[in-house]
1. Please count how many residues of the stretch 238-249 are crowded, with 24+ Cβ neighbours inside 10 Å and either assigned to a strand (DSSP E or B) or more than 10 Å from the ligand (Cβ to nearest atom) (or both).
2. Answer yes if at least one residue in the stretch 161-169 is within 30 Å of S385 (Cα to Cα), of a type in the set (F, W, Y), within 16 Å of the ligand (Cβ to nearest atom) and touching a residue at least 40 places away in the same chain (Cβ under 8 Å), and no otherwise.
3. Scanning the stretch 250-266 for residues that are touching a Leu at 6+ places or on another chain (Cβ under 9 Å) and under 19 Å from G285 (Cβ atoms), which turns out nearest to the ligand (Cβ to nearest atom)?
4. Out of all the residues in the stretch 372-400, which are assigned to a loop (DSSP other than H, G, I, E, B), aliphatic (A, V, I, L, M) and either buried (at least 22 other Cβ atoms within 10 Å of the Cβ) or touching a helix residue (DSSP H, G or I) at 6+ places or on another chain (Cβ under 6 Å) (or both)?
5. Return the residues of the stretch 127-155 that are in contact (Cβ under 8 Å) with a residue 60 or more places away in the chain, outside any loop (DSSP other than H, G, I, E, B) and more than 10 Å from the ligand (Cβ to nearest atom); say none if nothing qualifies.
6. Any residue at all in the stretch 183-199 that is within 23 Å of S396 (Cβ to Cβ), in contact with a Pro (Cβ under 8 Å, 6 or more places away or on another chain) and outside any loop (DSSP other than H, G, I, E, B)?
7. Are any residues in the stretch 403-423 assigned to a loop (DSSP other than H, G, I, E, B) and under 23 Å from the mean Cα position of the chain (by Cα), and if so, which ones?
8. Can you pull out every residue in the stretch 329-369 that is over 21 Å from the mean Cα position of the chain (by Cα), farther than 16 Å from A207 by Cβ and surrounded by fewer than 22 Cβ atoms within 10 Å (Cβ to Cβ)?
Amino acid sequence: MADTKTHGFVLSGKKRAGADDFDGDDYFVAKKSLLPPLAPSWEDPAAALANARHEFGEHGGVNMSIEASATFTVMEPETMRRMFSGELGPDRDFFIYSRHFNPTVLNLGRQMAALEGTEAAYCTSSGMSAISSVLLQLCSSGGHVVASQKLYGGTHALLTHFLRRACNITTSFVDITDHAAVKNAMVEGKTNVLYFEAISNPTLTVADIPALSRMAHDKGVNVVVDNTFAPMVLSPARLGADVVVHSISKFISGGADIIAGAVCGPASLVNSMMDLHQGTLMLLGPTMNAKVAFELSERIPHLGLRMKEHCRRALEYATRMKKLGLKVIYPGLEDHPQHELVKSMANKDYGFGGILSVDLGTEEKANRLMNHLQNSTQFGFMAVSLGYYETLMSCSGSSTSSELSAEEQELAGISPGLVRMSVGYIGTLEQRWSQFEKALSRMQDSSLFK
Ligand SMILES: Cc1ncc(COP(=O)(O)O)c(C=O)c1O
């Protein structure tokens, strides 16, 4: 056997043996089953991550070794044929080439699968590549997607323009909170995917994942959920979704230094995406580098702690901003339209997400406030993206949602003065709040307050 189990952990043993070593191996999986499903046990993301297989380093290091090889040797020529036929795969430590499976990337995939409670996961070079690869795997030319009208600008553009032009895949956009509209838009036998964000970018609308999943499944439609805004907080697959996609570039990375993504879902889906003839990950090649996968694997163990602090501060700032009379949107506030819903779906003790949005009314006011916040009081940085330890803020209409037309922005509820804030956790909460208040007072604009 390739692995030696010790104290409940797995020491990744060394082997490059021939096929004969595996006679009678109880790990044997049927031909073409590259990744076996993970055990279904799952309580919450922290427990699942702690239960995930811990990979030790080659010399007994507490951290795994990085498998930096692009290609892998075999001891016998026959093994190569068996690997290419799908008979021998990564589940038994047989690797072909790192655009296919790589052990270090696979380890990060195991962590992502544990985090989201799915059978399998595999990591990609960006969030967009994860999203586009899943959609292309689940939809053929002429396919149909029903999608929320409140989506990250890049995903909206992918669905509106790119997939229609390049693949004749069309999308009907709907208000995801209008369940009758969602139901009507899905056509049994035609619609392949229902796509939405668990908490939408940047308007923070929360999707009713159980109800939407039930509706989609009744019509034979796959549910794909982007959980970039709420790792640890929400677990869409446990609530009924089929596939969860992530931009790992955000909270999961936490360092604003890496672009990465993941597809978490059934082992059969991940395996199909790796198929040598039909797999989007294999054939379009949005591969994650093993060194990047190692970096990210080291950050996932403290994702839960980071999320709790992002969420704690976001709730505190949102509450205080509301008290001041600012127009603030945050799912943790009782006046948020889906506050009760998010409470019913959220994992215990993580809060309601690390992002809040403030509507300043006009782009001019939004820009003036951000300018004070960054350049006068050092509250945060004007930058897109999210999940960093510093607070990041951007005016969505003119930045990350600028792919949407004015009409689409209006439909999505994005006001021209909407500032999205990804709340950081460095410095003390009071120190940062006083920086916010100082910037606000420099605005000298009473019209900001209700
Ligand atoms: C919700 C959401 N999904 C997907 C993406 C795309 O991810 P990436 O930039 O890693 O490609 C982003 C942002 O960039 C996002 O905010």
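1. The qualifying residues number 6.
2. Checked against the condition, which is being within 30 Å of S385 (Cα to Cα), of a type in the set (F, W, Y), within 16 Å of the ligand (Cβ to nearest atom) and touching a residue at least 40 places away in the same chain (Cβ under 8 Å), the stretch 161-169 yields no hits at all.
3. A260
4. L386
5. S133, V134, L135, L136, Q137, L138, V146
6. yes
7. If we filter the stretch 403-423 for residues that are assigned to a loop (DSSP other than H, G, I, E, B), which is where we start, we get 403-405, 413-417, 423.
Across the stretch 403-423, the qualifying residues are E403, L404, G413, I414, V423.
8. Those that are over 21 Å from the mean Cα position of the chain (by Cα), farther than 16 Å from A207 by Cβ and surrounded by fewer than 22 Cβ atoms within 10 Å (Cβ to Cβ): L333, E334, D335, D359, G361, T362, E363, E364, K365, N367, R368.
Laboratory data are not the source of any read-out in this text; all were calculated from the coordinates shown. It should be emphasised that the depicted structure is a prediction, and the values quoted were computed from it without experimental measurement. Quick reminder, even Gly has a Cβ in these numbers, built from the backbone with ideal geometry, and neighbours come from all protein chains shown.
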